[in-house]
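Structure first, then comments.
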Amino acid sequence: MEKTYQPQQLEANWYKTWEERGYFAPQGNGDPYCIVIPPPNVTGRLHMGHGFQHAIMDALTRYHRMLGCQTLWQVGTDHAGIATQMVVERQLNAAGTSRQEIGREDFVKKVWEWKDESGDIITQQLRRLGSSLDWSRERFTMDEGLSKVVEKVFIDLYNEDLIYRGNRLVNWDPKLLTAISDLEVVSEEEDGSMWHFRYPIAESDEHLVIATTRPETLLGDSAVAVHPEDPRYTHLVGKFVDLPLCGRRIPIIADDYVDPEFGTGCVKITPAHDFNDYEVGKRHDLEIINILTKQASINDEAPEAYRGLDRFEARKKIVEDIEELGLLEKIEPHKLKVPRGDRSGVVIEPYLTHQWYVAVQSLADPAIKAVENGDIEFVPKNWENTYFAWMRNIQDWCISRQLWWGHRIPAWYDENDKVYVGADEASVRAAHGLGDDIQLRQDEDVLDTWFSSALWTFSTLGWPDETEFFDKFHPTNVLVTGFDIIFFWVARMIMMTLKFTGQIPFKKVYITGLVRDENGQKMSKSKGNILDPIDLIDGISIEDLLAKRTADMMQPQLKQKIEKATKASFPDGIAAYGTDALRFTFYSLASTGRDIKFDLGRTEGYRNFCNKIWNASRYVLMNMEGKSVSDAAHHAPHFSPADRWITSRFESTAKQIEECMESYRFDIAAQTLQEFVWNEYCDWYVELSKPVLWDDEANPEAAAAARFVLLSILEKSLRLMHPFMPYITEEVWQRIAPLLGINGDSIMLQPFPIPNADNLDAQAEESIEWIKGVIVGVRNIRGEMDISPAKTINVFLRSENQIDKQRLDEARVFLQKLAKLNSIDWLEPDAPAPTAATQLHGQLEILVPMAGLIDVAAEQARLDKEIAKLEGGIKAVGGKLGNAKFVDNAPEAVVAKEREKLAEMESAVTALRTKREELAALA
RNA sequence: AGGCGCGUAGCUCAGUUGGUUAGAGCGCUACCUUGACAUGGUAGAGGUCACCAGUUCGAAUCUGGUCGUGCCUACCA
């Protein structure tokens, strides 16, 4: 074995082996256990969120597989309509052409080529994480089977009037030229202005003042509204204003949508370009005047002077023209929320178009109930509130997109725009008796990618035609995902799955936090603070990292800033930590909070932990050279307290891990494992085994027993850790298991350790605690008194408690080795003791004779410190016990515990004071 | 505006139903290459648990408020 753990080669080898041997497919006949992957974008790249969520899903998957469940982690990708189309369009533009130029058919062909070319990047990256996904069942939202489900669902919903086509305002992206759903709009506060314009009142010399943040929409105004009870304006209601620049006369209406306190209390109403105005317009039967083209420039409905201008140019010109007319009252700086497309970043226009919608209310009701009645549970539970809040106020879902990449809407129109929905043109013709003389054209639009994602749990499992897997694995057990897509995906899956299968899609939803950078910032390409999980596994130089973070920048002016920040955070680049260390970092950070600041220091710590495991294994293997072990029954009679202790500690650990898995507390699991392996197995048990193994000849049976325990606890620990650290555990297990006569092909198919309370051994734990206490006591004196660790020393032990004497007999060899002692002498309570540095362990006095070793003043200081500490404790506990209310009210056990504590501290402080006085007399 | 969350050691975070003299890792200090490991070992320093008030025998933990901070939803013409 190498002296340090080298993850690089063995990770790739093991993953390949597991995959080739088909270990990821469900097997056996245990209970089914299933997780579906949140489908990543097929042409995308792995990010930290994937890393985090896959670490968790893989731990759950491997855990249940080892528990003997038939376990399926269903893999697949989605087609990411807008994102993918944008990438391919950019490629076309770079090549000097465009999608319009090459046409729909060729464009879609190009996208498929791009998918084939780049689609396996992300799936290869998922493999690097060790994810035990069943690749034999890989699905893609655009593949034939899934597309058929999408089609069926669309048609069925249409036939039930749950999908309809409507002409209304949508969120329109004037750059991508498509509608998007309200979830795809991000509104952030930006600096803008509030323009106050005077609108002349018709047939009078008066005017009123409206306030607007979007002057250009003036061209589409069809009324001015005031509050019905606003005394300033009641006399104007029913009159008209002459709309400047347009030569139109529009009514002044009363509507309590208007907030009299805000602005001037007069609102211009532009029904075609504002969601609220649209509603006002409907109530008052106002004209809807669309003044924008799809690209958001001014169209021919507007006065000639403005036609063809971009919306922002038009704004400028209109303000100038208003000012020229003397109608500009004032301009005030104003902060407002500007809606932008989450993909394009441009300002979204409310725009009147025909789109397809899902009427979600009737789907939402059962989906709400499923969570209310506990059929589906969120972990942590408080996310249910977020879900309810959205679901109870849900809006119809705009599902059509003006894109070419996606599931084309199965709807055809005749010459009169009458719509027919069906699987294909032939079946539409047949169903509606349309002869060949009637021209039909298919709807140009495709469906929102989330529409197909909403069907993911059942479409990937073969519903509705091949239901073997569906019958076995649906509902799935748990969905692991980020809170940012509860609305986009989780809620919609629940609605659609209930509707079509009558089942919930999953029993639990484990919501992870969002991985942020070392400063708590959200990671994003534009901020240049992305960490690539693969770079943490393989390492990356600072040069490559800088190049990666500043490549293809949307905002090149940020380059210097990004470089500076990157150099500050990673002056030497990033070391190669390996997959297991990265995964363990994710577990350790997977607590219940919603932000996860990624801390590379922890990854380094867990890399070191891997090395610790590696070296402990080396130690065990070295000690097995030329030796063999039998079974537990054979060795048990020769077990030392240390052997029984570590066995007992293992059981407690296994029990805790079981609880952590049930409660999804991977952070506690990680800490528990590290604590056991490092602080108990390595720090103590391995050390305690040394005197026994090195004195093999004196007691060969004891040495053999120790070897057996070293080996078997290591082997069991590897199985306990395997769901979290698949690679190192496999590699080491392959070397260790045969020595125990275990013949398995892979640790991942071995049983997970089931806690066995029979192995708990309180007596052994007490014995070892005693030994540890004595050793730590001596080390403490050495450390504080500056005695070289190389120097062997003599100690005396003294106690009134005979148990201490008995314990010394069984512990002598351990103490000698671990505390580096020359002699250990027992003193009876009344025997005279040499002048010594003293440390107490319970009633036991640990005495290190001072002659030539210890400075009196230093020992006095040390004792003073110890006494002061005890006095603090006595004061606190004594105060408690002196309080009658505490003694009367607190549970008896609590009071008894406090009394015991007090008694111990008092006797300790007495003993130390005596020592202190003896030293004082000496000085 | 409403909702949710957070504020514990220099940093990143645990802290179960109130019962500890408040924990871990990293970092820091001192010493040490001893036959698994310097990606290591040993010992140690470091916190009035944001603040205030309340409930209680007892509060990091429960209640109310204040301050700071982050996010989500709705919306402001």
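Any read-out appearing in this document is the output of simple, stated calculations on the displayed coordinates, not a laboratory observation. A quick note: this is a predicted structure, and the numbers were derived from the prediction, not measured. Neighbour counts are summed over all protein chains in view; Cβ atoms, including those assigned to glycine, are modelled from backbone coordinates with ideal geometry.
Enumerate the aspartates and glutamates that A:K109 could reach by cross-link, defined here as Cα to Cα under 18 Å, with residues fewer than 8 away along the same chain left out.
By straight Cα distance, A:K109 reaches A:D78, A:E89, A:E101, A:E117, A:D120, A:D143, A:E144, A:E444, A:D445.
With the Cα gyration tensor of chain A giving a ≥ b ≥ c as the square roots of its eigenvalues, does the rule (a/c under 1.5 for rounded; else a/b larger than b/c for prolate; else oblate) give rounded, prolate or oblate?
On the way: a/c = 2.77, a/b = 1.93, b/c = 1.43.
Judged from the Cα gyration tensor, chain A comes out prolate (a/c at least 1.5, a/b above b/c).
If we count every other residue with Cβ under 10 angstrom of A:A703's Cβ, Lys/Arg +1 and Asp/Glu -1, where does the sum land? Please report the intermediate quantities before stating the final value.
On the way: positive: A:K627, A:R707; negative: A:D695, A:D696, A:E697, A:E701.
Computed value for this residue: -2.
How far apart, in nm, are two points set 7 Å out from the Cα along the Cα-to-Cβ line at A:D414 and at A:E769?
Spacing of the two 7 Å Cα→Cβ label points: 8.7 nm.
For a quick protection proxy, order the peptides A:460-471, A:842-853 by their average other-Cβ count within 10 Å, most packed first. Can you show the working numbers first?
On the way: A:460-471: 17.0, A:842-853: 18.8.
Ranking the peptides A:460-471, A:842-853 by packing returns A:842-853, A:460-471.
Could you pull out every one of the lysines with an alpha carbon less than 23 Å from that of A:K885, ignoring same-chain neighbours closer than 8 positions?
By straight Cα distance, A:K885 reaches A:K875, A:K897, A:K901.
Give me the distance in nm between label points sitting 7 Å out from Cα along the Cα-to-Cβ direction at A:L325 and A:N756, one decimal.
9.1 nm
Under the Karplus relation 6.51 cos²θ - 1.76 cosθ + 1.60, θ = phi - 60°, what is the ordered set of whole-Hz ³J(HN,Hα) values for region A:183-194, x standing for Gly and Pro?
Working through the residues one at a time gives 6, 8, 9, 10, 9, 10, 5, 9, 7, x, 10, 10 Hz.
Which residues' amide hydrogens lie under 5 Å from the amide hydrogen of A:R168, considering only partners 5 or more residues apart or on another chain, with H built in the peptide plane?
A:T353, A:Q355
Taking R0 as 60 Å, what FRET efficiency do you get between A:K897 and A:Q8 from their Cβ-Cβ distance, rounded to the nearest 0.05? Intermediate values should be presented prior to the final figure.
Numbers: r = 52 Å, r/R0 = 0.87.
It comes to 0.70.
Using only Cα atoms, tell me the angle between helix A:361-372 and the longest principal axis of chain A; keep it within 0 to 90° and round to the nearest 10.
So the inclination is approximately 10 degrees.
Ranking A:C266, A:C69 by Cβ neighbours within 10 Å, fewest first, what do you get?
Numbers: A:C266 24, A:C69 20.
Arranged by neighbour count, lowest to highest, A:C266, A:C69 become A:C69, A:C266.
Given the rule -39500 (n - 2.57) for each run of at least 4 DSSP H residues, summed and divided by the residues of chain A, what is its mean residue ellipticity at 222 nm, to the nearest 500 deg cm²/dmol? Could the numbers behind the result be given before it?
Values: 30 runs with 414 residues, N = 923.
After summing the helix terms and dividing by the residues of chain A, the value is -14500 deg cm²/dmol.
What's the exposure ranking of A:H227, A:H79, going from fewest to most Cβ atoms within 10 Å? Don't jump to the answer; show the numbers that get you there.
Details: A:H227 21, A:H79 28.
Ascending number of Cβ neighbours within 10 Å: A:H227, A:H79.
Helix A:802-818 against the longest principal axis of chain A: what's the angle in degrees, Cα atoms only, rounded to the nearest 10?
That helix lies at roughly 70 degrees to the long axis.
Around A:R248, which amide H atoms from residues at least 5 apart in sequence, or from another chain, sit under 5 Å from its own amide H, with H modelled in the peptide plane?
A:L243
Taking the simple approach of a point 7 Å from Cα along Cα-to-Cβ for both A:Q555 and A:N794, what is their distance in nm?
7.6 nm
Report, in listed order, any pair from A:K791/A:K869; A:K175/A:K525; A:K597/A:K655; A:K152/A:K508; A:K239/A:K317; A:K522/A:K564 with a Cα-Cα distance greater than 23 Å.
On the way: A:K791/A:K869 29 Å; A:K175/A:K525 20 Å; A:K597/A:K655 29 Å; A:K152/A:K508 27 Å; A:K239/A:K317 28 Å; A:K522/A:K564 18 Å.
Listed pairs above 23 Å: A:K791/A:K869; A:K597/A:K655; A:K152/A:K508; A:K239/A:K317.
Order of A:T729, A:T647 from fewest to most other C-beta atoms within 10 Å? Present the calculation step by step, with values, prior to reporting the outcome.
Numbers: A:T729 27, A:T647 22.
Going from least to most buried by this count: A:T647, A:T729.
Could you give each residue of region A:407-415 its phi-based ³J(HN,Hα) in whole Hz, using Karplus coefficients 6.51, -1.76, 1.60 with θ = phi - 60°, and x for Gly or Pro?
7, 6, 5, x, 9, 10, 10, 8, 5
Cα gyration tensor of region A:748-907, axes a ≥ b ≥ c as square roots of the eigenvalues: rounded (a/c below 1.5), prolate (a/b > b/c) or oblate? Kindly include the intermediate steps, with their values, before the conclusion.
Values: a/c = 1.96, a/b = 1.11, b/c = 1.76.
Oblate is the answer for region A:748-907, as a/c is 1.5 or above yet b/c matches or exceeds a/b.
Check cross-link reach from A:K817 to the aspartates and glutamates: straight Cα distance under 18 Å, and skip same-chain residues fewer than eight apart.
A:D643, A:E680, A:D683, A:E687, A:D695, A:D696, A:E697, A:E769, A:D809, A:D825
What is the antiparallel percent of DSSP beta bridges lying wholly in chain A, to the nearest 5? Working shown, then result.
Values: 65 of 95 bridges.
Given both bridge residues lie in chain A, the antiparallel proportion sits at roughly 70 percent.
What percent does the relative contact order of chain A come to when contacts are Cα pairs within less than 8 Å and at least six residues apart? Working shown, then result.
Numbers: 1489 pairs, mean separation 104.0, N = 923.
Over chain A, the number comes to 11 percent.
Taking square-rooted eigenvalues a ≥ b ≥ c of the alpha carbon gyration tensor, is region A:486-570 rounded, prolate or oblate, where a/c under 1.5 means rounded and, failing that, a/b exceeding b/c means prolate? Numbers along the way, then the final one.
Details: a/c = 3.36, a/b = 2.66, b/c = 1.26.
In terms of gyration-tensor shape, prolate.
Can you give the relative contact order of region A:598-728 as a percent, counting alpha carbon pairs under 8 Å and 6+ residues apart? Can you show the working numbers first?
On the way: 82 pairs, mean separation 50.6, N = 131.
Relative contact order here is 39 percent.
Summing Lys, Arg as +1 and Asp, Glu as -1, what charge do residues with Cβ under 13 Å from the Cβ of A:D683 carry, A:D683 excluded?
Working: positive: A:K612, A:R649, A:K690, A:K772, A:R779; negative: A:E675, A:E680, A:E687.
Cβ neighbours under 13 Å give a net charge of +2.
What size of dipole, in debye to the nearest 20, comes out for chain A about its Cα centre when the only charges are +1 on Lys and Arg C-beta atoms and -1 on Asp and Glu C-beta atoms?
Charge dipole of chain A: 1980 debye, to the nearest 20.
What net charge is computed for the residues neighbouring A:D758, neighbours being all others with C-beta under 13 Å from the C-beta of A:D758, Lys and Arg scored +1, Asp and Glu -1? Before the final figure, lay out the partial values.
Details: positive: A:R644, A:K655; negative: A:E651, A:D761.
With Lys, Arg at +1 and Asp, Glu at -1, the net is 0.
Measure nothing fancy, just the Cα-based angle from helix A:311-324's long axis to the longest principal axis of chain A, in degrees from 0 to 90, nearest 10.
It is inclined by approximately 60 degrees.
Can you give me the C-alpha center-to-center distance between region A:557-619 and region A:1-56, rounded to a whole angstrom?
Region A:557-619 and region A:1-56 have Cα centres spaced 19 Å from each other.
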